[in-house]
Amino acid sequence: MARPSPLAPLLAAALTVLVLGWAASLHGLHFVDLVAFSRRARELTAGRGPTDGLYPFGLPAWLAFAHSAGVALLPAARALSVAAAALLAATSARRLGLPAAVWLLAQAPFLTWGSSEGTDMVAAGLSIAAVFCADRPRLAGLLVGLALSFRWTAAAWLPALALALPAGGRLPALGGFVVGVLPHVLGCAFTGTLVLPDQSLNLTIAAGPGAPPPAGPAGIFARMPRGLAEAAPFLVPDIASRLGAALLLATALLPSRTAAGSALRRLAGALLVGGVLHAVGLAAVFANPRLALPTTLVALAGVGVAAGRIGEAAPRWQRAVGGGLLLLAAGTAATTLPALRAPPKGAEFVTALRGALAGCPELAGPALANNALVHTEVGGWLVPAVQLSGLRVTPRTTPAALGRIADEAGLRVLVLDPVRARGQPGLNPLSSGTDEEVDGWRRCTDRPLRIWTR
């Protein structure tokens, strides 16, 4: 296979930043976990450690740095996702050529999570990019170490990288890995807390309401066959990813007589190992399109890997294969790019929330709410609302009783989502929004959300 042009990575990165930067500017906050990450970043700046090991310190540390530099948290989080996606596209172009990177960029999962706040594209992009640049062991180790500083699940890519590294590359990669995990290590040192992975919450969610989590490793392994079956539609959600997975497997299995072909075969095998190990990890808990992203991206990248293998085996077909891949990418983009204009789930609610709060008194702290997306901005931080479900509020709780609960908790603003309030008939006088005052609550706005102040 001919070596890709030195300009290919730059072109791929620039195109990715252009497209994802546009997509990131279309909608407001829609991923509620950023509010929780803001809380962790705020606690980190105060030297307080987290109460669980669900996530490492990478994103809270980045958000704390952005806040100290006067950058708003939402753009900072999205810029990180865009940067990781651009790195993935650049390393793909460097290894497989520009058409392979453009094909990946055109896919809906890449576009959606590459322009969203969160750790998903950050960890996935860094991990897969590490495999693509395994010929530079220190850089590859650094990237997978950084990925692990953002999500524990990046550990699935350590065996994949070990397989992809050239002879003698593991020790330099280990040095890069140690540097990569420094954001988490330094966060632990700063807070005086050793934070290790803790998936007990995810195991509890996977077990279902009222059911006990799996009992030890045996229970987790017993759940995996069913977990894999449930995860499969998320791991390979469309024709492109299923075709790519099949092509990646074929590329890994078919022997080659040339050094270039053997290198592509090793690359395909390493990507498969990482994707499969990530899928196995999801099978132990639960899956959705966001959590399945690393395996989905690997499957989609399989098309580019197979195209590279064809070009290596038949050099005279190389341009035709690259041109065909670009045409397929263009056809895919004609569908996926316009779809980005539709507001993601939760974005419309947050937009309505921002508009409603603009007409109410400035908040000095958290609000009381019945929707987890409700948050306020205080001093540049995103402050999560205190949920009714956590304050002994039942379907029979009256406005007067809720007022006493709010006063005890020091909360003076109530934000009611009228759709969710249907399950709390005791609060009908507040959720209907027909009166100006109800039992010590004064109405601030009633469209589209019901906001009351004490």
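Quick notes on this structure:
- Residue selected from the stretch 307-334 under the condition at pLDDT 95 or above and among the aliphatic types (A, V, I, L, M), by the criterion farthest from the chain's Cα centre (by Cα): LEU327
- Residues of the stretch 268-298 that turn out to be more than 17 Å from ALA164 (Cβ to Cβ) and in a helix (DSSP H, G or I), as a count: 8
- Number of residues in the stretch 36-62 that are more than 21 Å from PHE349 (Cα to Cα) and surrounded by 16 or more Cβ atoms within 10 Å (Cβ to Cβ): the value is 18.
- Residue satisfying all of: in the stretch 340-349; open to solvent by 80 Å² or more (accessible area, probe 1.4 Å) and in contact (Cβ under 8 Å) with a residue 24 or more places away in the chain; farthest from the chain's Cα centre (by Cα) among these: ARG341
- The residues of the stretch 427-441 that are without any contact (Cβ under 8 Å) to a residue 40 or more places away in the chain, of a type outside the set (Val, Ile, Thr) and surrounded by 18 or more Cβ atoms within 10 Å (Cβ to Cβ), listed by number, are LEU427, LEU430, SER431, GLY433.
- Some residue of the stretch 272-282 being surrounded by 24 or more Cβ atoms within 10 Å (Cβ to Cβ), closer than 30 Å to HIS375 by Cα and either among the aliphatic types (A, V, I, L, M) or touching a Gly at 6+ places or on another chain (Cβ under 8 Å) (or both): yes
- Residue, nearest to LEU44 (Cα to Cα), within the stretch 201-213, restricted to residues that are free of Cβ contacts under 8 Å to residues at least 60 places away in the same chain and surrounded by 14 or more Cβ atoms within 10 Å (Cβ to Cβ): THR204
- Out of PRO213, PRO233, PRO209, PRO255, sole residue that is closer than 30 Å to TRP103 by Cα and not in a helix (DSSP H, G or I): PRO255
- Options ARG412, ARG450; residue that is more than 30 Å from ALA76 (Cβ to Cβ), in contact with a Ser or Thr (Cβ under 7 Å, 6 or more places away or on another chain) and free of Cβ contacts under 8 Å to residues at least 60 places away in the same chain: ARG450
- GLY308 vs. criteria within 30 Å of THR16 (Cα to Cα), part of a helix (DSSP H, G or I), of a type outside the set (A, V, I, L, M, F, W, C) and open to solvent by 20 Å² or more (accessible area, probe 1.4 Å): no
- Taking each residue of the stretch 15-39 that is over 16 Å from ARG354 (Cα atoms) and aliphatic (A, V, I, L, M) and looking for partners that are outside any helix (DSSP H, G or I) and open to solvent by 30 Å² or more (accessible area, probe 1.4 Å) with beta-carbon atoms closer than 8 Å, six or more apart or interchain, yields ALA36/PRO384.
- Residue, surrounded by the fewest Cβ atoms within 10 Å (Cβ to Cβ), within the stretch 379-422, restricted to residues that are within 32 Å of the chain's Cα centre (by Cα) and assigned to a helix (DSSP H, G or I): GLY390
- Tally, over the stretch 180-200, of residues that are surrounded by fewer than 19 Cβ atoms within 10 Å (Cβ to Cβ) and part of a helix (DSSP H, G or I): 8
- Members of the stretch 105-147 found to be within 17 Å of ALA24 (Cβ to Cβ), within 16 Å of the chain's Cα centre (by Cα) and of a type in the set (A, V, I, L, M), listed by number: ALA108, LEU111, MET121, VAL122, ALA124
- Among the residues of the stretch 236-252, those identified as assigned to a helix (DSSP H, G or I), open to solvent by less than 80 Å² (accessible area, probe 1.4 Å) and either within 21 Å of ALA108 (Cβ to Cβ) or of a type in the set (Ser, Thr, Tyr) (or both) are ALA240, SER241, GLY244, ALA245, ALA246, LEU247, LEU248, THR251.
- Inside the stretch 15-35, residues that are part of a helix (DSSP H, G or I) and either buried (at least 19 other Cβ atoms within 10 Å of the Cβ) or touching a helix residue (DSSP H, G or I) at 6+ places or on another chain (Cβ under 8 Å) (or both) make up a count of 10.
- In the stretch 314-339, the residues that are within 30 Å of ALA260 (Cα to Cα) form Cβ pairs under 9 Å with partners that are of a type in the set (D, E, K, R), at six or more places apart or across chains, as follows: GLN318/GLU312.
The values are calculated or read from the model by the stated rules, or taken from the named source; none is laboratory data. Since this is a predicted model, take the numbers as computed values, not measurements. Here Cβ is always computed from backbone atoms with ideal geometry, including for glycine, and neighbour counts include all displayed protein chains. We work out accessible area using only protein heavy atoms, side chains counted, and drop any ligands, DNA or RNA first. Shrake-Rupley method; radii C 1.70, N 1.55, O 1.52, S 1.80 Å.
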